[in-house]
Amino acid sequence: MTPHDDTDRVWEVIIENSKTISLSNDSLDKNASLILTSLAEAYNNAQHWTVRRQILSIMAKDVTFSIILIFIPGLTAYRFYKARQHADFEGKGTVVDDTRGTTIRYDDYQLEHFIEFLVSPHICTDLPFGERELHLSTGETLLIPLTIRNLAPKRIIVQYYNYCKEYYGDAFHPLGQSTLFSILNQCSASTRRSLQGLDSFSAEGSTAFDLLISIVDSLSTVGLTAIDATNLKKDLQHCRNYLKSDYKVHVSSESNVPDHCSTFALSDITSKCWQRNCDHDHDQQCDRCELLKITLAKLRAFIEQYQTDTAVCDRLLYRVQQQVQDIKEWKAHLLRTIHQDQARIDILHNLDSETVMIQVDWAMKWLPVKYRESTKDHFAKRGISWHLAYVIRKKFSESTSSSDSSFTSEENVTNRNPNNYTFQHKTFCHVFDQCVQNAKTVISILRHIFLMLQQTEPDIKYVHLRSDNAGCYHSAEALLSVEQLFNETGIWIKSIDFCDPQSGKGPCDHIAAVVKCSIRRFVNEKNNCTNAIEFLTAAERTNGVEFYASEIQNSHTEKIEWKGVKQINNIEYILDFTPESTKPSIEVRAWQSWKIGPGKVYRWLDFEKTVQKINPLHIFHSKNVSIPWINDCHEKAGDVIIFFFVINNLFSFTDENRSNHSYQDESSSTEDENEEESNVNHTSTSEKEHYFFDCLTSGCTARYRSYANLLRHYATGKHKMKLEKHSLIDKSKILFHQHLSTNHLRSTPLMSITVIQPVKNPIISSLSKNWASHKPKPSVRFNDKQKQFLLDKFNEGVNTGMKWDPSRVALDMEKLTNNGTYVFNNDECLSQGQVKSYFSRLALKQRSMEQVSDEQTKKKAISHSSSTTNSNATNLQSNNTTITSEFDEMEEIDTRDLEVYSWRQILDETKKILDTPSISSPSSITSPSLKRKPTLDD
């Protein structure tokens, strides 16, 4: 308002507006009242609380409790706030389906089948460190080695269902999806986020896909459409996921797809000894393998189409070719890994009572740890070397009867096994305060293991060895020590197998993880672990491991050579006893890939030098010596395919089978015992307290009133066994623990593929024979331009203290230009590994030059000090000459003045000399008595 406004007119306007608002509010209140009244009527007409809650949730979020009470008298605050919660979590008026699904019973073999699939190598990757705890509902804790799952839970379940449908059809019904999700959640593994210690093939292959995707992004800036770029990146991601997950389950020795046939991929066309022809045609193609080839061909075509600059186009094509090569090597590495693992499975299947299999490996050095550790002790530590040998043997059962059909019963598992055996294992751990991890040390360790096996198990005569590709195992000295080991121990090595490079994870890594956790717990209990003896004390709690604190004197011997030994991955040693000769002949048969071709034959006499002497280990401390073998209570005689017997109702007991596999034998029991046992079953709760004597046999539920009946029960051995009740989750945890701890026959299941008809594409080259074999890279000499560039980068890092990253240097070489042209050609660009190796050689050369300069400085200092010493010696000699001349003059005086003094005077002067404490210097000798020299006349 202003001072000149008509106040009467303003007042009239305010009155009129207030009347309009009042009429509007009256109409709104009437509509809201009608809505609330209708909802209240619907609420009262509902017969069930769930429906009433849905109706009440429509208005509970917007209307206060006091207003709703006007329309719904008697409404409680509990129901009002429950309706609000329903609106928050489910939605206003949302109908919730709370019907319970039907309870489906499951059998133990269904659970075992899924756990067997879950721990297969293509899903579960072992780690050499760490443990995880599984807690049962009873409070018991199970420790399992730390593992990584390579697939997401949903992907695992989908792949498992496809596997069951492919092999068993409708004859086998797997567990439900929600049950499998619960099992995966409870039997958890580490999430695959950032990985350390990954093999170089997988790391470089996965990095290659990332670089290809970055190239696609760069093409988007020069004209590549968004749709094509999106499709290319999507296809590249699908191809990477295929190599990470499903490719390994498609590899087979007899496949019509050349990408999946290991026989075709590993047959060496240059050597008939390592070549095997397939008995099938390769007339099929895998849709996902072809997708990789087509995607890479499209990427090359798009580069040529959209990159107009010829130099840039050539450089991009070169980079693509480098990444494609890394992807092919990754794919070949996966195929070789699966093929080489068949050697392990085949050996385990064919073990007998006289043969064991030993897997050996050096664990990562243990850094000494103190419970209270100062800063000076924390740095510059010297690691403790320790070696693991995992010994596996078959234990054949003498009887086929079983008295316990619980899923954890060893006897029951043995009875189910068609070959009627189980596996047993133990581990030998040798700890060194200081040693060289070479072939001599490994041979000495094997000698000690063989001797210990001979002492505890005299029946063992043969051994199969398996290890990774470390130089201490894969060397001529280690491989040509078989005869000497046999002469000293009496155990013959039948074969030595090596896994593919950088794919040697096995049971030794499991044991190493468990031992490390035991040591950490020991240190946390206010102890130290700084030497071999303390290591044994800390790790002795580990079950099934014999520990030996050892030392060895490595003497220098002549070098033993075997030309081409690095190409050999499988070796058999054949010992032939002929009646004509007193000494058995030895034949060595070697393969580049497991059983590909007849193998190359060597005679033992053809080798110029073999191992003639083995240095024995000196054991100065030991723990858990000659411990019993650990029974692998849930081992099977085959891989996942053994569950085909489940389909034929091998594990399903009918009423007739139950009578044959009874838990008690009443017919052979005495009458009194039958009466006692029947009374137990019919005794009321008030009378059960009179049965004081329980059978202490695990699983037996028999109870007796008198001690005599209990003794009779023990004598007859007729136990009343009952199945131990476990929940589904507890059973899955127990089986998961058993498979990870003791299952040696873990293999990759074979799954079918989507086959397409082969199409000839001019831009896609067909695979050739031997495409997946390991091919050594040729050595390439660097030119002066490359050397100067790398030397400048190295010196820059030395001078500034900011050392160059080899990957960054390799990228700079590709991108370095001068006046618009690339400085280095495609053939001159170096990889990250080449740059890293050259920098290492330069650093070694620099250290050698520094050592030489230091030695020269020391020599100069020594020569200077020696010259100074010589000059001092010369001065000292001149002084001595002067003193000697003075003494000579004094002697002459003595001779001249000798006759002046009488005998009495000489005695008096001699007495004075003897009484004098010391003589200061020759110059102070002036007394005539000192000038006398006794003569023969005196």
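The values are calculated or read from the model by the stated rules, or taken from the named source; none is laboratory data. Computed from a predicted structure; not experimentally measured. As a convention, Cβ positions derive from the backbone with ideal geometry for all residues, glycine included, and neighbour counts pool all protein chains shown. Ligands, DNA and RNA are stripped out before the accessible areas are found, and what is left, the full protein with its side chains, is counted by its heavy atoms. Shrake-Rupley method; radii C 1.70, N 1.55, O 1.52, S 1.80 Å.
Observations on the model:
- Residue in region 502-522 that is open to solvent by 40 Å² or more (accessible area, probe 1.4 Å) and in a helix (DSSP H, G or I) present: yes
- Residue among Val324, Val360, Val356, Val312 that alone is assigned to a helix (DSSP H, G or I) and open to solvent by less than 20 Å² (accessible area, probe 1.4 Å): Val324
- All positions within region 850-864 that are among the aliphatic types (A, V, I, L, M) and either over 44 Å from the mean Cα position of the chain (by Cα) or loosely packed, with under 10 Cβ neighbours inside 10 Å (or both): Ala861, Ile862
- Subset of region 357-391 [among the aliphatic types (A, V, I, L, M) and touching a Leu at 6+ places or on another chain (Cβ under 7 Å)]: Met357, Ile358, Val360, Ala363
- If you go through region 582-613 and pick out every residue that is assigned to a strand (DSSP E or B), among the hydrophobic types (A, V, I, L, M, F, W, C) and open to solvent by 40 Å² or more (accessible area, probe 1.4 Å), you end up with 1.
- Complete set of residues in region 523-549 that are charged (D, E, K, R) and surrounded by fewer than 20 Cβ atoms within 10 Å (Cβ to Cβ): Glu525, Lys526, Glu540, Arg541
- Some residue of region 339-347 being open to solvent by 50 Å² or more (accessible area, probe 1.4 Å) and touching a helix residue (DSSP H, G or I) at 6+ places or on another chain (Cβ under 7 Å): no
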